Amino acid sequence: MVASPSATIVVGLQFGDEGKGQIVDLLAAEHEVIVRYNGGANAGHTVRVGGERFALHLLPSGVVTPGTINVIAHGVALDPFVLLDEMDGLAGRGIGLAGRLWISDRAHLVLPWHRAEEALLERALPALGTTGRGIGPCYADKARRATALRAVDLLDPALPAKVAAIARVKQLQLAGLAAAMGQEPPAVDAASLAESLRAAGERLRPYLTDTVAALHEALATRRVLFEGAHATMLDLDLGTFPYVTSSSATALGVHAGAGVPARAIGRVVGVLKAYTSRVGAGPFPTELHGPAADRLRERGDEYGTTTRRPRRVGWLDLPMVRFAAQVNGVTELAVTGLGVLAGLDELAVGISYRLGGESLVRLPASAEQAAMVQAVTEPVKPWPSLDGGTTWADLPGAARSFVERIERDVAPVRWLCLGPGREEVVRR
Ligand code: IMP
């Protein structure tokens, strides 16, 4: 039973890579249970602890905080092999998960044919620039039902028969797609896949549970933190469709993806970067090009955590983050990346859009029109280095004015991350 609305959600307000991992890591110290509720190994959350860097894809960022319980809820697209690799990687660095990882037995499985299907679709149609982790096809199978497998199936003695039946359909589907592309069909070896899945299931057995029941019990007595993966503008329903990911990447996804009602949530922390980055295709009105973009990308080390692809970069887009704060019900903000902008001679912020002589504050529904939208920007007074700043008062006036502008437009700012380390966070 939910005792009081004490749970927290952390969610990205742009296109991902806002630095949510850093905020979750900070908040993990104040929470006992950390929950992933959407997406899969397409996410990349970087957490730095005492000079060590952890790049997490499926496991909640709380795993690096001793004493926390970490939950992979049923809304997550679960690749059992990636998960086991990640668990082994942590074990190799002295981080054990026994008794502190709960995995939903209802989570849908990402299987090798999902990656194969995605790779073919990315070639057969205009590419979305996906991470190639099979996430879209996995959620498509979840919606189709008959071709889906869930974590609970890993423990079912009938697993080989289930895999064989679905593999027959997948083989036909992949062969059709491959033939259309003039390619050899990818091989699907159902028997060996079933055996690998059975073995993975045995290893995961101690962690698989009914996470809805466990979470409801936890909500009555413990502080629970929900860690959003990806971000609002990549949300399947609210983002820049079709250049989005296939899950509910906003705070709204918590309810369906973890089975937790709205009244359990006390606060929603929106994370925004002081500029914008995007991986993959899709509209990006404040995007920079040429040397200005290169400088920002290098300074911010804007390369994908999952794929190391260079990220597209541009100025902060205020209408976009205002929209994101609204739909998520953001109660407070964490602003990252201020240090990356320090020392640049010219800074700007997007304040509205123009399309064919019309002024807009919301991207149009049509992907083609959204791609033609131009940002109207305003200059921002640059600030020098932030080195040595540990309090709000230490920050240069221009940086403080920029933050105050975000507050006026979006929501109160509680944390400023000047750099990626735990010790580089200014609280307000
Ligand atoms: P998918 O999630 O692999 O299907 O990719 C769909 C789109 O979302 C692509 O543009 C990806 O680059 C983007 N995307 C997915 N996950 C992330 C993330 O964690 N950070 C940034 N972009 C992401």
Loop-resident sites, segment 272-360, for GluC sites (Glu not before Pro), counting at most 14 other Cβ within 10 Å (DSSP): 346
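If you count only protein heavy atoms with a 1.4 Å probe, what accessible area per residue comes out for segment 254-411, rounded to a whole Å²? Can you show the working numbers first?
On the way: 6780 Å² over 158 residues.
Accessible area per residue: 43 Å².
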Taking a label point 7 Å from the Cα of residue 183 along Cα-to-Cβ, the residues of segment 99-120 whose backbone nitrogen sits under 19 Å from it are 111-120
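Would you work out if segment 30-76 is rounded, prolate or oblate? Take a ≥ b ≥ c from the square roots of the eigenvalues of the alpha-carbon gyration tensor; rounded if a/c is under 1.5, else prolate when a/b is larger than b/c, oblate otherwise.
Working: a/c = 3.16, a/b = 1.23, b/c = 2.57.
It comes out oblate by the Cα gyration axes.
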Compute a Gaussian network model of the chain, connecting alpha carbons closer than 10 Å, and tell me which residue from 365, 293, 73 fluctuates the most. 365
Toward the positive end of the charge dipole of segment 239-361, about the Cα centre and with charges on Cβ (Lys, Arg +1; Asp, Glu -1), which of 254, 289, 342 goes farthest? 254
Hey, in the GNM for the chain with a 10 angstrom Cα cutoff, which one of 49, 413, 279 fluctuates hardest? 49
Under 5 Å, built H, 5+ apart or other chain: amide partners of residue 316: 276, 350
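With every protein chain left in place, what is the accessible area per residue of segment 46-134 in square angstrom, probe 1.4 Å?
I get 36 Å² per residue for this part.
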Reachable lysines from residue 381, criterion Cα separation under 24 angstrom, eight or more residues apart if same chain: 273
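Could you please state how large a percent of the accessible area of the chain is carbon and sulfur, counting protein chains only and using a 1.4 Å probe? Don't jump to the answer; show the numbers that get you there.
Working: 9320 of 17140 Å².
Heavy-atom surface of the chain belonging to carbon and sulfur, 1.4 Å probe: 54 percent.
Could you calculate the FRET efficiency of residue 391 with residue 85 from 1/(1 + (r/R0)^6), where r is the beta carbon distance between them and R0 is 41 Å, rounded to 0.05?
E between residue 391 and residue 85, to the nearest 0.05, is 0.50.
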Can you give the charge dipole size of the chain about its Cα centre, rounded to the nearest 20 debye, using +1 on the beta carbon of Lys and Arg and -1 on the beta carbon of Asp and Glu? 460
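Over the chain, what is the relative contact order in whole percent, taking alpha-carbon pairs under 8 Å and six or more residues apart?
Values: 935 pairs, mean separation 87.8, N = 428.
Here the relative contact order equals 21 percent.
Write down the Kirkwood hydrodynamic radius of segment 88-169, to one decimal in angstroms, obtained as one divided by the mean of 1/r over all alpha carbon pairs.
On the way: mean 1/r = 0.0678 Å⁻¹.
Computed over Cα pairs of segment 88-169, the Kirkwood hydrodynamic radius comes out at 14.8 Å.
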All aspartates and glutamates inside 16 Å of residue 162 as judged from Cα atoms, apart from same-chain residues fewer than 8 positions distant: 141, 153, 189, 195
Can you give the convex hull volume per residue for the Cα atoms of segment 133-190, as a whole number of Å³? 95
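Could you work out the relative contact order of segment 233-352, using alpha carbon pairs under 8 angstrom and six or more residues apart, expressed as a whole percent? Don't jump to the answer; show the numbers that get you there.
Details: 166 pairs, mean separation 35.2, N = 120.
About 29 percent, as a whole number.
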Can you tell me the relative contact order of segment 141-298? Whole percent, Cα pairs under 8 Å, sequence separation 6 or more. 14
With eigenvalues of the C-alpha gyration tensor scaled by 5 and rooted, segment 290-428, Å: 26, 19, 16
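Ranked highest first by average number of other Cβ atoms within 10 Å, how do 255-267, 140-152 line up?
Packing proxy ranking, top to bottom: 255-267, 140-152.
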Could you check the spin-label model distance between residue 292 and residue 191? Points 7 Å from the Cα along Cα→Cβ, value in nm. 6.2
Dividing the Cα radius of gyration by the Kirkwood radius, what Rg/Rh value follows for the chain? 0.97
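The values are calculated or read from the model by the stated rules, or taken from the named source; none is laboratory data. Fair warning: this is a prediction, and the values are worked out from it, not measured in the lab. All Cβ positions, even for glycine, are placed from backbone atoms using ideal geometry, and neighbour counts span all protein chains on display. Protein only, heavy atoms only, side chains kept; ligands, DNA and RNA dropped before computing areas. Shrake-Rupley method; radii C 1.70, N 1.55, O 1.52, S 1.80 Å.
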